[in-house]
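Trainee: If you scroll down you'll find the structure; I have some questions about it.
Rule-based calculations on the coordinates, nothing more; no lab input. Keep in mind that this is a model prediction, so the values were computed, not measured. Note that we place each Cβ from the backbone using ideal geometry, even for glycine, and neighbour counts take in every protein chain shown.
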């Protein structure tokens, strides 16, 4: 089978990276529900929860990165389609008649904005998950050290008439 050109390859790459990001985000969602269920049933705080939260944060950041790469590949593919001439892509924008080019308006609608919002929220959730891991660790240390009972010495005045 002959090579169809760079644009179909970019479409496949953009689709596969976006699909990979969505799959990783879905797995992170399932793992976070499992973590929440285990955490609500547990009576003691374990270091395993901290490690699971760090892994979830890393998965969410990787998912956001893959979605960003998919957006980048989408833009490169759109640029190549609009400005590059390719005989392997006869229906590309640059091969249209001049009347079609001037009268056609290409818009992406709300789906493009939704893609950006989901990517940004994925990054934010990953950073929140990693940040809460650090806060949870500090709370665990504070709880462990606050169980120690200190007995402060009671200081009496040396003499009662020194007022």
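Trainee: Highest mean first, how do 48-57, 29-38 rank when packing is the count of other Cβ atoms within 10 Å averaged over residues?
Mentor: Averaged packing, sorted descending, gives the order 48-57, 29-38.
Trainee: With a point put 7 Å past each Cα toward its Cβ, work out how far residue 69 is from residue 95 in nm, to one decimal.
Mentor: For the pair residue 69/residue 95, the computed spacing is 2.9 nm.
Trainee: Ordered by packing density, taken as the mean number of other Cβ atoms within 10 Å over each peptide's residues, highest first, how do 125-133, 99-107 rank?
Mentor: Averaged packing, sorted descending, gives the order 125-133, 99-107.
Trainee: Let me ask you something else. What distance in nm lies between label points placed 7 Å from Cα along the C-beta direction at residue 55 and residue 38?
Mentor: The two pseudo-label positions are separated by 0.7 nm.
Trainee: Rounded to the nearest 0.05, what FRET efficiency do residue 103 and residue 78 have when you use their Cβ-Cβ distance and R0 = 22 Å?
Mentor: Once the sixth-power term is evaluated, E becomes 0.70.
Trainee: Another one. Ranked highest first by average number of other Cβ atoms within 10 Å, how do 72-81, 113-122 line up?
Mentor: Values: 72-81: 16.4, 113-122: 14.6.
Ranked from most to least packed, the peptides come out as 72-81, 113-122.
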